[in-house]
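First up is the structure itself, then whatever we jot down about it.
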Amino acid sequence: GQNIDQPTEMTATEGAIVQINCTYQTSGFNGLFWYQQHAGEAPTFLSYNVLDGLEEKGRFSSFLSRSKGYSYLLLKELQMKDSASYLCAALMDTGRRALTFGSGTRLQVQP
Amino acid sequence: DVKVTQSSRYLVKRTGEKVFLECVQDMDHENMFWYRQDPGLGLRLIYFSYDVKMKEKGDIPEGYSVSREKKERFSLILESASTNQTSMYLCASRTHAAGRETQYFGPGTRLLVL
């Protein structure tokens with residue numbers, strides 16, 4: 001099955017840049033999602049990468065390397081409200097179209 | 001704006017009770033999913049559905065069943081609730097309009113089984 005790895009916790013300073021890494025198994029891989037989840041709330045969609053490269057969307061960017069089984073989420077100009085868990089999820093080529101999630105990275109933004 | 005709603009935000013049930021969790025989406029999506037989320041384990045797939053009356057087991061279907069009688073509604077049923085089913089339950093709906101894959105989540109139901 002798919003094994004998705006991402007750091008458990010990260011801390012960064014308001015105004016700074018933080019990169020959250022995610023690795024996954026490449027066999028049968030079909031696309032990579034990033035979600036943001038605030039405590040007690042549902043995940044909200046941030047990005048979907050299917051091709052190699054960087055996709056930028058405001059302060060958030062997501063990168064994918066299919067050959068390396070690697071993705072990262074880049075958050076710029078960090079704000080206190082960015083404190084949340086960030087979930088990496090892979091879409092596999094199984095026909096299920098369901099996502100396989102990592103355990104999430106809890107980001108704490110400090111003043 | 002895509003909307004996925006769940007019938008309850010918080011639910012408290014007793015062991016052995018039958019529990020119904022409802023999920024409704026308003027975008028005519030064919031694919032719908034039920035996940036549960038537990039600390040340290042991430043989101044895990046319970047069941048999913050491709051279309052009306054179609055259902056498939058996910059990774060952890062034991063103790064659960066589902067119903068999809070109408071396209072917009074996907075129900076998760078706990079036949080006899082147990083304490084190890086205390087969890088956050090999340091419903092999701094999938095679209096791939098214009099070649100862009102997106103999955104939207106409902107607000108979640110936090111279930112406590114006593």
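Evaluating A:Ser67 against the criteria (1) assigned to a loop (DSSP other than H, G, I, E, B); (2) closer than 24 Å to B:Tyr35 by Cα leaves one unmet condition, (2).
If only residues of the range B:38-47 that are within 11 Å of the chain's Cα centre (by Cα) and facing another protein chain (nearest Cβ under 8 Å) are counted, the one that is surrounded by the fewest Cβ atoms within 10 Å (Cβ to Cβ) is B:Arg44.
Looking across the range A:1-52, the residues that are among the polar types (S, T, N, Q) and crowded, with 16+ Cβ neighbours inside 10 Å come down to A:Gln2, A:Gln6, A:Thr23, A:Gln36, A:Gln37, A:Ser47, A:Asn49.
For the range A:29-46, indicate whether the set of residues that are in contact with a Pro (Cβ under 9 Å, 6 or more places away or on another chain), of a type in the set (Asp, Glu) and either outside any strand (DSSP E or B) or at pLDDT below 95 (or both) is non-empty. Yes, there is a match, as at least one residue in the range A:29-46 is in contact with a Pro (Cβ under 9 Å, 6 or more places away or on another chain), of a type in the set (Asp, Glu) and either outside any strand (DSSP E or B) or at pLDDT below 95 (or both). For the range A:83-106, a tally of residues being more than 16 Å from A:Ala42 (Cα to Cα) and not β-branched (Val, Ile, Thr) returns 8. Scanning the range B:92-114 for residues that are more than 9 Å from chain A (Cβ to nearest Cβ) and either at pLDDT 95 or above or surrounded by 16 or more Cβ atoms within 10 Å (Cβ to Cβ) (or both) yields B:Ser93, B:Thr95, B:Thr109, B:Leu111, B:Leu112, B:Val113, B:Leu114. For the range A:53-71, filtering for residues that are surrounded by 12 or more Cβ atoms within 10 Å (Cβ to Cβ), in contact (Cβ under 8 Å) with a residue 40 or more places away in the chain and over 18 Å from A:Pro43 (Cβ atoms) leaves 3.
The set of residues from the range B:14-37 being closer than 22 Å to A:Ser85 by Cβ and within 10 Å of chain A (Cβ to nearest Cβ) comprises B:Phe33, B:Trp34, B:Tyr35, B:Gln37.
The values are calculated or read from the model by the stated rules, or taken from the named source; none is laboratory data. Treat the numbers as computed from the prediction; the structure is a model and nothing was measured. Glycine gets a Cβ as well: all are built from the backbone with ideal geometry, and neighbour counts include every protein chain shown.
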